[in-house]
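Enquirer: Mind looking over this structure? Questions follow.
The numbers here are math on the coordinates, done by the rules we state, and not lab data. Note that this is a predicted model, so its numbers are computed, not measured. Using ideal geometry, Cβ is built from the backbone for each residue, glycine included, and neighbour counts are taken over all protein chains shown.
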């Protein structure tokens, strides 16, 4: 599978119409990947869906899946999402006993391995093992619900990861998720992000295709 080059716009199906999921997936065919939020009502205070829904989304999506696991016991359940054929599987550093071991297992199955950091989680352990991950997701809201405001104070964390990636010559993707829209995507791109999850900013637009293009252009203009 050939994955898109940066900047990558990834609409979150958390903002899609769950009763018309296939229709909404087709409406975002111009995006780079589809961001699939799996929440278990344990790790985060919200419940979305599990493997059966992800399998169906995988079967009908016109673009590759980037699965974001906001679940407890991810060492046990995470590899199963790679086995469904997702292009990328991201788990939370706070939910795993050994992020490097889990990333290696996900990679061995054939998916890209991502690790996500809540706003309060420092980057130190992940930065020290950056080469073990294909993607690092810096949450720009507290995970759990869509529609929250962008946390600009996460930009130094993003910039530090970008500096470390450059120092290592790493091709790791740096992703942001939370409150990404025109007006905030510029800040995230300038700080070092190259992959951008947007929910309501995409699905709430009158012209979804145009909004995806606009977000990509804004990101490209501000990326280093």
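Enquirer: Based solely on its DSSP helices, what 222 nm [θ] is calculated for the chain when runs of n ≥ 4 H residues each add -39,500 (n - 2.57) and the sum is averaged over all residues, nearest 500 deg cm²/dmol? Mind dumping the intermediate values first?
Expert: On the way: 9 runs with 83 residues, N = 224.
-10500 deg cm²/dmol, from helical runs alone.
Enquirer: Please sort 86-95, 131-140 by packing, taking for each peptide the average over its residues of neighbouring beta carbons within 10 angstrom, highest first. List each step's numbers first, then the result.
Expert: Details: 86-95: 25.2, 131-140: 23.4.
Ranking the peptides 86-95, 131-140 by packing returns 86-95, 131-140.
Enquirer: What's the Kirkwood radius of region 40-145 in Å, using all Cα pairs? Could the numbers behind the result be given before it?
Expert: Working: mean 1/r = 0.0722 Å⁻¹.
About 13.9 Å for region 40-145.
Enquirer: What percent do you get for the relative contact order of region 106-170 when only Cα pairs under 8 Å and 6+ apart count? Write out the running numbers ahead of the final one.
Expert: Details: 58 pairs, mean separation 20.8, N = 65.
32 percent.
Enquirer: Measuring from centroid to centroid over Cα atoms, what is the spacing of region 25-73 and region 99-149 in Å?
Expert: Region 25-73 and region 99-149 have Cα centres separated by 16 Å.
Enquirer: Could you give me the radius of gyration and the Dmax of region 1-99, taking only the C-alpha atoms into account and expressing both in angstrom?
Expert: Just the Cα atoms of region 1-99 yield Rg and Dmax of 13.2, 38 Å.
Enquirer: What residues from region 167-186 fall in the zone where the backbone N is under 16 Å from a label point 7 Å along the Cα-to-C-beta line of residue 152?
Expert: 179-186
Enquirer: Using the Kirkwood radius over C-alpha pairs as Rh, can you work out the diffusion coefficient of region 8-219 via Stokes-Einstein at 37 °C, viscosity 0.692 mPa s, in µm² per second?
Expert: Values: Rh = 16.8 Å.
Translational D for this selection: 195 µm²/s.
Enquirer: Further, regarding this structure: Once the mean 1/r over all distinct Cα pairs of region 97-194 is inverted, what Kirkwood radius in angstroms do you read off? Intermediate results must be reported in sequence, preceding the final value.
Expert: Details: mean 1/r = 0.0727 Å⁻¹.
Taking every pair of different Cα atoms in region 97-194, averaging 1/r and inverting gives 13.8 Å.
Enquirer: Under the definition of Cα pairs under 8 Å and six or more residues apart, what whole-number percent is the relative contact order of the chain?
Expert: On the way: 462 pairs, mean separation 44.0, N = 224.
Relative contact order for the chain comes out at 20 percent.
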